[in-house]
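Read-outs throughout are calculated quantities, based only on the coordinates presented, and are distinct from any laboratory measurement. Everything numeric in this text was worked out from a predicted model, so none of it was measured. Every residue, glycine among them, receives a Cβ derived from its backbone with ideal geometry; neighbour counts consider all protein chains shown.
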Amino acid sequence: MTNKIIITCAVTGSIHTPTMSPHLPVTGSQIAEQAIGAAEAGAAILHLHARDPETGKPSASSDDFMSFLPVIKQASDAVLNISTGGSAVMSLEERLAAPIAAEPEMCSLNMGTMNFALYPLASRYQDWKHDWEQPFLENSDDLVFKNTPRDIATVLTKLGQERGARFEFECYDVSHLYMLRHFADRGLVKAPFFIQFVFGVLGGIGADPENLQHMKRIADKLFGDEYMFSVLAAGRQQIPFATMAAAMGGHVRVGLEDSLFIDRGKLARSNAEQVIKIREIVERLGRDVAEPVQAREMLGLKGADRTAF
Ligand code: KMH
Ligand code: ZN
């Protein structure tokens with residue numbers, strides 16, 4: 001068990017919509033400002049999605065990504081991790097356009113096809129800021145988040161083998177761990193593996209502590225000492241699950257992508273606020289927060305000077 005703990009901050013994502021919080025960053029400058037603030041607060045990795053600056057809708061446009069990537073890089077040495085999940089409503093080609101253009105050090109990689117049901121969120125709001133939000137959420141009752149073995153192989157080849165990216169393997173269920181093992185056995189990806197256990201997405205494994213124990217037990221069996229785990233839980237289990245992960249020797253992910261709140265019923269005013277909260281908890285548990293240089297070493301990253309932005 002390493003004492004260094006990597007804090008990832010997922011800054012905006014594609015789950016929440018502008019109506020839900022005035023603090024959700026949507027423009028390039030808002031995303032950059034909040035990402036830089038999160039890094040200053042202690043996040044070694046920034047997990048990044050883009051949004052349309054006018055409407056806040058999840059965007060796959062390379063221009064929208066390029067409106068913040070160089071700005072963050074100038075101001076911070078945090079690892080910039082670009083999502084290849086994008087939004088579940090996008091095709092794989094759309095999802096890969098920006099990461100292929102940007103050649104980041106790190107990308108997310110979703111390890112299985114699944115339901116990604118956001119529609120329960122829709123009933124909590126009435127006055128929508130933008131026309132796209134309500135149908136986007138409600139239509140997720142018939143949405144398939146497609147990540148077939150062919151899709152996974154494409155991401156591993158185009159981003160990993162051809163462009164030198166390493167991965168945040170997003171595992172929403174125990175089955176996804178076996179899929180990762182399969183690709184390791186095929187030789188498409190090499191250790192050390194940075195596995196993000198994802199809890200609380202409707203369609204994936206639920207946020208029950210027994211499930212965290214079980215994910216870890218199976219990952220230990222499949223990957224031995226060749227992996228590190230990090231934990232994210234969507235919604236109000238975000239900080240409790242990150243705390244459990246820190247106590248179990250894992251790493252943590254926070255950010256407005258996964259939860260808009262800082263306390264029960266209280267919106268977080270920024271991503272940095274969540275980073276500060278989990279930082280204090282993990283330090284009180286006796287863990288040291290990893291600097292970006294240490295995270296790069298732990299994850300075997302190619303270096304910020306070898307990206308295309
Ligand atoms: N929002 C998380 C539950 C991705 O970007 O590749 C999943 C996620 C997926 O971060
Ligand atoms: Zn994401």
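The table for this structure:
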item: Share, in percent, of DSSP beta bridges within the chain that are antiparallel, nearest 5; result: 15 percent
item: Cross-link partners of LYS216 among lysines (Cα-Cα below 28 Å; sequence separation of 8 or more within a chain); result: LYS4, LYS146, LYS190, LYS277, LYS302
item: Computed [θ] at 222 nm, deg cm²/dmol, the chain (DSSP H ≥ 4; -39,500 (n - 2.57); rounded to nearest 500); result: -10500 deg cm²/dmol
item: Charge sum, other residues only, whose C-beta stays under 12 Å from GLU93's C-beta, Lys/Arg counted +1 and Asp/Glu -1; result: +1
item: Length added when fully stretched, GLN74-ASP220, from 0.36 nm per residue minus Cα-Cα; result: 48.8 nm
item: Share of alpha-carbon pairs per 10 Å distance bin for the stretch 4-306, given as whole %; result: 6, 30, 40, 21, 2, 0
item: Cross-link reach list, lysines versus LYS57, counting only Cα pairs under 18 Å and skipping chain neighbours closer than eight places; result: LYS129
item: Positive minus negative residues near MET298 (Lys, Arg vs Asp, Glu; Cβ under 12 Å); result: +1
item: Segment THR55-VAL89, extension gain: residue separation times 0.36 nm, minus the distance between their alpha carbons; result: 10.6 nm
